[in-house]
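As structure tokens, the structure follows; a few thoughts come after it.
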Amino acid sequence: MSILFCKALKFTGKLAKKIENIYLRALILSSVAVLLIFVFGADKYAGTGMSVINRALSGDVDSFSFAIKIVITSICISAGLKGGEIIPSFFIGATFGCMFGSIIGLPPEFAACIGILSVFCGVTNCPIATFMLSIELFGAGNAMYFFLAIAISYALSGYYGLYSEQKIVYSKFR
């Protein structure tokens, strides 16, 4: 999911730059984003989406909320509406984790926690900070599982990330 989110941001950014006039770009893409938000639910996709994150952490989520959030966030950021990528990464991780957990037989609440941590680590390439965040958000009771999910996410996310200026000093694959 973290790679998909990063690729979507990059793809829509490249696509948006084809509209050279930045004001026209902002107008068109903002209009598309507003239309999508109203089609899919302003209560879910406008703003941070904390109500959806909380629902996912309770084991209740719409099946493809994560995909809709990826599209809307990518369009908004490409329009120049820099509201942030971190909370949307929590939203994407929680909703995908909850959905995927219920498919493979994990408790959806636990899978949502793992999803938040995995996507966050994958998009930031900051495993230590993510582990500290896991303890802060969810307590130390499942620290071993959090650590494992974070390590896998860090290794499998490759060199993708939200921040193009970020340099990964040591190879992830040595």
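The values are calculated or read from the model by the stated rules, or taken from the named source; none is laboratory data. In this text the structure is predicted, and so the values were computed from the model without any measurement. We place every Cβ from the backbone using ideal geometry, glycine too, and count neighbours over all the protein chains shown. Remember, those area values only see protein heavy atoms, side chains included, never the ligands or the DNA or RNA. Shrake-Rupley method; radii C 1.70, N 1.55, O 1.52, S 1.80 Å.
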Quiz item: Restricting attention to region 78-99, which residues are touching a residue at least 12 places away in the same chain (Cβ under 8 Å) and out of contact with any helix residue (DSSP H, G or I) (no Cβ under 6 Å at 6 or more places or on another chain)?
Solution: Leu81, Glu85, Ile86, Ile87, Met99
Quiz prompt | Candidate set from region 108-142 (those that are aliphatic (A, V, I, L, M) and open to solvent by 30 Å² or more (accessible area, probe 1.4 Å)); member that is farthest from the chain's Cα centre (by Cα) | solution = Ala140
Self-check item: region 114-126: number of residues that are at pLDDT 95 or above and more than 19 Å from Cys98 (Cβ to Cβ)
Solution: 0
Quiz item: Taking region 147-167 as the region of interest, how many residues are within 20 Å of the chain's Cα centre (by Cα) and modelled with pLDDT under 80?
Solution: 8
